[in-house]
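Here the structure is laid out as structure tokens; the discussion comes afterwards.
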Amino acid sequence: MTKAIDRIHTIIKSLGMSARQFDMSIGASNGYTLRMKKNKASVGSDVLERIVDKYPFVNITWVVTGKGTMFGPEAEDAGVYENEDLDKTLTYREVEAIVEHKIRVYQESQMENLVNRIKSELNAAEESSEA
């Protein structure tokens with residue numbers, strides 16, 4: 001029987017992230033998810049809340065129980081996923097949510113790079129005007 005931590009690792013893999021990146025993204029300590037998996041430990045409700053806050057497209061019911069789809073409750077509500085083998089198939093909306101998340105992460109990274117470049121240029125301009 002799989003546990004919530006196993007399903008969290010499935011999410012991490014689906015998002016194309018490392019466990020460390022995921023831990024940092026939800027404000028968990030470095031190595032948290034790997035330690036939890038190694039020890040076959042239970043995940044606290046505070047971590048589950050942070051996952052839902054950071055990744056609102058994640059179906060928390062699936063994380064906790066393994067029922068339904070990994071992303072979004074719409075297929076579960078419709079009763080489509082009664083066969084557990086179907087849980088491994090992503091719907092168009094799930095793929096779209098993953099893509100949107102990756103785009104948002106990329107845009108945030110690019111914005112941070114731009115801000116840092118502008119700060120460097122401002123500092124260089126300030127130093128040259130003082131000389």
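The values are calculated or read from the model by the stated rules, or taken from the named source; none is laboratory data. Not measured: the values here are computed from a predicted model. We place every Cβ from the backbone using ideal geometry, glycine too, and count neighbours over all the protein chains shown.
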**OP:** Quickly run through region 45-63 and pick out the residues that are part of a helix (DSSP H, G or I) and either at positive phi or without any contact (Cβ under 8 Å) to a residue 40 or more places away in the chain (or both).
**Re:** SER45, ASP46, VAL47, GLU49, ARG50, VAL52, ASP53, LYS54, ILE60, THR61
**OP:** Just need a number here: residues in region 28-44 that are of a type outside the set (S, T, N, Q) and in a loop (DSSP other than H, G, I, E, B).
**Re:** 6
Subject >> Evaluation of THR91 against (1) closer than 23 Å to HIS9 by Cβ; (2) modelled with pLDDT of 80 or more (one fails), failing number >> reply: (2)
Original post:
Do you know which of the residues in region 1-33 that are among the hydrophobic types (A, V, I, L, M, F, W, C) and surrounded by fewer than 16 Cβ atoms within 10 Å (Cβ to Cβ) is nearest to VAL99 (Cα to Cα)?
Top reply: MET24
**OP:** Of all residues in region 1-19, count the ones that are assigned to a helix (DSSP H, G or I) and in contact (Cβ under 8 Å) with a residue 12 or more places away in the chain.
**Re:** 11
